[in-house]
Amino acid sequence: MRWFGQSAQAEDQGHPFEVTHTDAEWQTLLTPEQYDVLRQHGTERAGTSPLNQEHRAGLFHCAGCDLPVYSSETKFDSGTGWPSFWAPLDNAIGTSEDKSLFFTRTEVHCRRCGGHLGHVFEDGPPPTGLRYCMNGVAMTFVPGETLKSGNA
(Lines give C-alpha, C1' and ligand atoms only; values in the text may rest on other atoms or scores of the structure.)
Protein backbone atom coordinates (compact mmCIF):
# COMPACT_ATOMS: atom_id res chain seq x y z
CA MET A 1 0.00 0.00 0.00
CA ARG A 2 1.57 3.29 -1.09
CA TRP A 3 0.96 6.52 0.82
CA PHE A 4 0.28 9.58 -1.35
CA GLY A 5 2.49 8.65 -4.28
CA GLN A 6 5.80 8.37 -2.44
CA SER A 7 8.30 6.40 -4.53
CA ALA A 8 11.74 4.87 -4.26
CA GLN A 9 13.10 7.26 -6.88
CA ALA A 10 13.01 10.15 -4.39
CA GLU A 11 14.86 8.03 -1.85
CA ASP A 12 17.72 7.24 -4.24
CA GLN A 13 18.42 10.83 -5.28
CA GLY A 14 21.57 12.07 -3.59
CA HIS A 15 22.15 8.86 -1.63
CA PRO A 16 24.98 6.72 -3.00
CA PHE A 17 23.84 3.25 -1.98
CA GLU A 18 26.28 0.34 -2.41
CA VAL A 19 23.64 -1.85 -4.06
CA THR A 20 21.71 -0.23 -6.89
CA HIS A 21 19.49 -1.54 -9.66
CA THR A 22 17.19 -0.04 -12.22
CA ASP A 23 13.49 -0.08 -11.41
CA ALA A 24 12.99 -2.90 -13.93
CA GLU A 25 15.77 -4.94 -12.30
CA TRP A 26 14.25 -4.45 -8.83
CA GLN A 27 10.91 -5.69 -10.17
CA THR A 28 12.61 -8.82 -11.49
CA LEU A 29 14.64 -9.44 -8.31
CA LEU A 30 11.80 -8.95 -5.81
CA THR A 31 8.33 -10.40 -5.39
CA PRO A 32 5.52 -7.91 -6.11
CA GLU A 33 4.94 -7.51 -2.35
CA GLN A 34 8.65 -6.94 -1.65
CA TYR A 35 8.88 -4.44 -4.51
CA ASP A 36 5.88 -2.49 -3.21
CA VAL A 37 7.33 -2.18 0.30
CA LEU A 38 11.08 -1.92 -0.39
CA ARG A 39 11.00 0.26 -3.50
CA GLN A 40 7.59 2.01 -3.38
CA HIS A 41 7.38 2.60 0.41
CA GLY A 42 4.34 0.38 0.78
CA THR A 43 3.12 -1.19 4.01
CA GLU A 44 2.06 -4.79 4.44
CA ARG A 45 -1.19 -5.46 6.30
CA ALA A 46 -0.75 -5.91 10.04
CA GLY A 47 -0.55 -9.51 11.17
CA THR A 48 0.25 -10.97 7.74
CA SER A 49 3.99 -11.61 8.08
CA PRO A 50 5.20 -15.00 9.33
CA LEU A 51 8.22 -13.11 10.75
CA ASN A 52 5.93 -11.54 13.33
CA GLN A 53 5.72 -14.96 14.99
CA GLU A 54 9.40 -15.85 14.48
CA HIS A 55 10.95 -16.62 17.88
CA ARG A 56 14.08 -18.60 16.98
CA ALA A 57 17.59 -17.20 17.42
CA GLY A 58 19.04 -15.72 14.25
CA LEU A 59 19.37 -12.64 12.09
CA PHE A 60 16.87 -10.72 9.99
CA HIS A 61 18.23 -9.56 6.61
CA CYS A 62 17.10 -6.92 4.13
CA ALA A 63 15.18 -8.78 1.42
CA GLY A 64 16.60 -6.39 -1.18
CA CYS A 65 20.33 -6.93 -0.66
CA ASP A 66 20.70 -9.59 2.08
CA LEU A 67 22.37 -7.22 4.59
CA PRO A 68 21.78 -8.35 8.20
CA VAL A 69 19.71 -5.57 9.78
CA TYR A 70 18.24 -6.91 13.07
CA SER A 71 19.01 -9.65 15.57
CA SER A 72 16.44 -11.88 17.23
CA GLU A 73 18.03 -10.72 20.51
CA THR A 74 16.36 -7.30 20.10
CA LYS A 75 12.99 -8.53 18.78
CA PHE A 76 9.91 -8.12 20.96
CA ASP A 77 6.14 -8.48 20.64
CA SER A 78 4.83 -4.93 20.28
CA GLY A 79 1.23 -6.03 19.77
CA THR A 80 1.10 -3.99 16.55
CA GLY A 81 1.01 -6.89 14.08
CA TRP A 82 4.45 -6.12 12.61
CA PRO A 83 7.87 -7.51 13.58
CA SER A 84 9.34 -5.06 16.09
CA PHE A 85 12.83 -4.55 17.46
CA TRP A 86 14.31 -2.22 20.08
CA ALA A 87 17.58 -1.73 18.16
CA PRO A 88 19.07 -2.42 14.71
CA LEU A 89 22.44 -4.01 14.10
CA ASP A 90 25.39 -1.62 13.92
CA ASN A 91 25.78 0.12 10.56
CA ALA A 92 22.69 -1.60 9.13
CA ILE A 93 20.07 1.09 8.65
CA GLY A 94 19.57 4.71 7.73
CA THR A 95 16.68 6.98 8.60
CA SER A 96 14.89 9.87 6.95
CA GLU A 97 11.91 12.11 7.63
CA ASP A 98 8.60 10.79 6.28
CA LYS A 99 5.84 13.37 5.85
CA SER A 100 3.56 11.15 3.73
CA LEU A 101 0.76 11.15 6.33
CA PHE A 102 -0.68 14.02 8.32
CA PHE A 103 2.23 13.87 10.76
CA THR A 104 5.98 13.35 10.56
CA ARG A 105 7.47 9.90 11.14
CA THR A 106 11.00 8.56 11.00
CA GLU A 107 11.40 6.14 8.10
CA VAL A 108 13.91 3.29 8.36
CA HIS A 109 15.73 2.07 5.26
CA CYS A 110 18.53 -0.38 4.55
CA ARG A 111 21.81 1.53 4.50
CA ARG A 112 23.18 -0.66 1.69
CA CYS A 113 20.36 -0.65 -0.90
CA GLY A 114 18.02 2.05 0.41
CA GLY A 115 15.07 -0.32 0.64
CA HIS A 116 12.19 0.89 2.84
CA LEU A 117 11.96 -1.37 5.90
CA GLY A 118 9.47 0.45 8.14
CA HIS A 119 9.43 3.21 10.75
CA VAL A 120 10.86 3.85 14.21
CA PHE A 121 8.78 5.20 17.10
CA GLU A 122 9.65 6.36 20.61
CA ASP A 123 7.30 3.98 22.44
CA GLY A 124 9.48 0.88 22.71
CA PRO A 125 10.86 -1.05 25.66
CA PRO A 126 14.13 -0.52 27.54
CA PRO A 127 16.98 -0.23 27.05
CA THR A 128 16.43 2.12 24.05
CA GLY A 129 12.78 3.11 24.41
CA LEU A 130 12.50 2.70 20.63
CA ARG A 131 10.21 0.50 18.54
CA TYR A 132 11.54 -0.31 15.08
CA CYS A 133 8.30 -1.40 13.44
CA MET A 134 9.34 -3.32 10.33
CA ASN A 135 7.51 -4.80 7.37
CA GLY A 136 8.18 -8.53 7.48
CA VAL A 137 8.03 -8.78 3.68
CA ALA A 138 11.04 -6.42 3.54
CA MET A 139 13.18 -8.93 5.44
CA THR A 140 14.25 -12.55 5.38
CA PHE A 141 15.23 -14.59 8.44
CA VAL A 142 18.31 -16.78 8.81
CA PRO A 143 17.81 -19.06 11.84
CA GLY A 144 20.87 -19.75 13.97
CA GLU A 145 22.98 -17.09 12.24
CA THR A 146 25.14 -14.93 14.49
CA LEU A 147 27.24 -11.88 13.73
CA LYS A 148 30.83 -12.50 12.74
CA SER A 149 33.41 -9.77 12.32
CA GLY A 150 32.90 -8.15 8.92
CA ASN A 151 29.37 -9.62 8.58
CA ALA A 152 27.65 -6.26 8.46
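Some points to look at:
- Per residue of the chain, the DSSP helices (runs of n ≥ 4 H) give a summed -39500 (n - 2.57) that works out to -3500 deg cm²/dmol at 222 nm.
- Net charge of neighbours whose Cβ lies under 11 Å from the Cβ of Leu67, counting Lys and Arg as +1 and Asp and Glu as -1: 0
- Within region 79-129, the GluC sites (Glu not before Pro) that combine a DSSP coil assignment with at most 11 other C-beta atoms in a 10 angstrom radius are Glu122.
- Local electrostatic count at Gly129 - Lys and Arg +1, Asp and Glu -1, tallied over other residues with Cβ under 15 Å: -1
- Sum of side-chain charges, Thr31 neighbourhood, beta-carbon under 13 Å (Lys, Arg +1; Asp, Glu -1): -2
- When trypsin sites (Lys or Arg not before Pro) are flagged only if DSSP places them in a loop and at most 13 other Cβ atoms lie within 10 Å, the longest unflagged stretch of the chain comes out as 100-147.
- Carbon-plus-sulfur accessible fraction, region 24-148 (probe radius 1.4 Å, protein heavy atoms only): 52%.
- Share of alpha-carbon pairs per 10 Å distance bin for the chain, given as whole %: 11, 44, 36, 8, 0
- Largest accessible area first, the residues Leu29, Leu38 order themselves as Leu29, Leu38 under a 1.4 Å probe with ligands, DNA and RNA left out.
- Relative contact order of the chain, pairs being alpha-carbon contacts under 8 Å that are 6 or more residues apart, as %: 26 percent
- In this structure, Thr128 and Thr28 have a Cβ-Cβ separation that, at R0 = 25 Å, corresponds to a calculated FRET efficiency of about 0.10.
The values are calculated or read from the model by the stated rules, or taken from the named source; none is laboratory data. On a predicted model such as this, the values are computed, not experimentally measured, just so you know. Reconstructed Cβ throughout: ideal geometry from the backbone, glycine too, with neighbour counts over all protein chains shown. The area values use the complete protein model at the heavy-atom level, side chains included, leaving out ligands, DNA and RNA. Shrake-Rupley method; radii C 1.70, N 1.55, O 1.52, S 1.80 Å.
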